[in-house]
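The values are calculated or read from the model by the stated rules, or taken from the named source; none is laboratory data. Small disclaimer: the values here were computed from a predicted structure and weren't measured. Cβ: placed from backbone, ideal geometry, glycine included. Neighbour counts: every protein chain shown. With ligands, DNA and RNA removed, areas are computed over all heavy atoms of the protein, side chains included. Shrake-Rupley method; radii C 1.70, N 1.55, O 1.52, S 1.80 Å.
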Amino acid sequence: MTEMDSRPTGTTIGAARRRLPTGAERCYVRFAVIGDRTGRRLLAPRSGGWPQVLGGVMAAVHDVSWCDASTAGATAYDVRRVQLRVAVAHRPHVVAMDAVLGDLGRRDWDLSEIRSHLTHCAWVLTRRGAVLLTTSVGRRARWHRSRAEQLDAVYEELAQRFGTIHLDHASSAAGLADQFAAALTGRGLELPRAPFPR
């Protein structure tokens, strides 16, 4: 097994927990967001996208420390060289790594380089116990459908290799947040389900 080999871990959320007088359990969850925020605006221009909606869902029942290192137009290189450091410093329990749409229109498109950057990010974050959330590029990349499909395949590889939670894109940010809330509940972080603000 090489240094970058990993197996899906089914990692549970390792957040500190406290019991309330009501008997409910409240966790301190550190949540980081990395990637290209442009694509999230296409799906939900006023909400800040699915990571922000999911953060709101978490904050309704847990104490959440929020770190958004994402930037508009970020490439996989930007995510690895700049955003990853910010996220790791936050010591996150959950990380939303949204599609790197900034790479899709580049003339020097290099899927192997993108795969290398995203694999490194997944390896670093999951080795530190973070649960990584990714989504398919889907309809957000109408002009580069072939490249979007290749990028989606990379995210699917990461899910198999590192145990990340990878979902197809829903029709709304709230729909994605609801699916992620269900998946995170399965990882030991109890979260409410829809309906919540769209």
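Brief remarks on what is shown
- Remark: accessible surface ordering of E190, E25 (largest first) is E190, E25, probe radius 1.4 Å.
- Here the label points at E113 and R145, each 7 Å from Cα along the C-beta direction, are separated by 2.7 nm in the simple model.
- Database remark: amide H of R30 closer than 5 angstrom to the amide H of S65, H93, V94 (H placed geometrically; neighbours at sequence offset of 5 or more, or on other chains; Pro and chain starts carry no H).
- Remark: spin-label model distance A183-R18 equals 3.0 nm, labels positioned 7 Å along the Cα→Cβ axis.
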